[in-house]
Structures are given as structure tokens and as C-alpha cells.
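See below for the structure under consideration.
The values are calculated or read from the model by the stated rules, or taken from the named source; none is laboratory data. Computed from a predicted model, the values in this text were never measured in an experiment. These accessible areas exclude ligands, DNA and RNA; they are computed on the full protein's heavy atoms, side chains included. Shrake-Rupley method; radii C 1.70, N 1.55, O 1.52, S 1.80 Å.
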Amino acid sequence: MPKRQEPTAEGDASAKALIESTKKEERRIERQKGSPLAKGAKRVEERSKSSDGKSAGDKQKS
């Protein structure tokens, strides 16, 4: 059975840097777009739409 690895200080710092980088990129994109990005379920739906404007759920229904 594999030994469980404990979080390290290096891993914690890396995770914090990733979160901060993601926030910074999101703010940059919102400035370029001129409006806030959708959050939560709305964001998932927005990202799942294909080039024809239909979401995956709409395509499965037809």
C-alpha cells in the first residue's frame, strides 16, 4: 500500500502561486472583454458551447 504524502511548504507555495496567477489572468481577460466572466454553473455552460452556439446538453436532447 503506498505511503500517503504530506503537503510540503514547496507544494503549498506552488498552489498559492497558481491561484494568484489564475486570478490575475481572469482580471486581465475581464478588462479586455469589458464585462465580468460568468461564475459557477453559468461559466461551465458558457465554456461548453460549441461554435454553432448549442451546448452539449442541447445537442443531446435533439
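Does at least one position in region 3-10 carry a residue that is at pLDDT 90 or above, within 18 Å of the chain's Cα centre (by Cα) and open to solvent by 70 Å² or more (accessible area, probe 1.4 Å)?
No: region 3-10 contains no residue that is at pLDDT 90 or above, within 18 Å of the chain's Cα centre (by Cα) and open to solvent by 70 Å² or more (accessible area, probe 1.4 Å).
Just to verify a result, which residue in region 23-38, among those that are assigned to a helix (DSSP H, G or I) and open to solvent by 70 Å² or more (accessible area, probe 1.4 Å), is modelled with the lowest pLDDT?
K33
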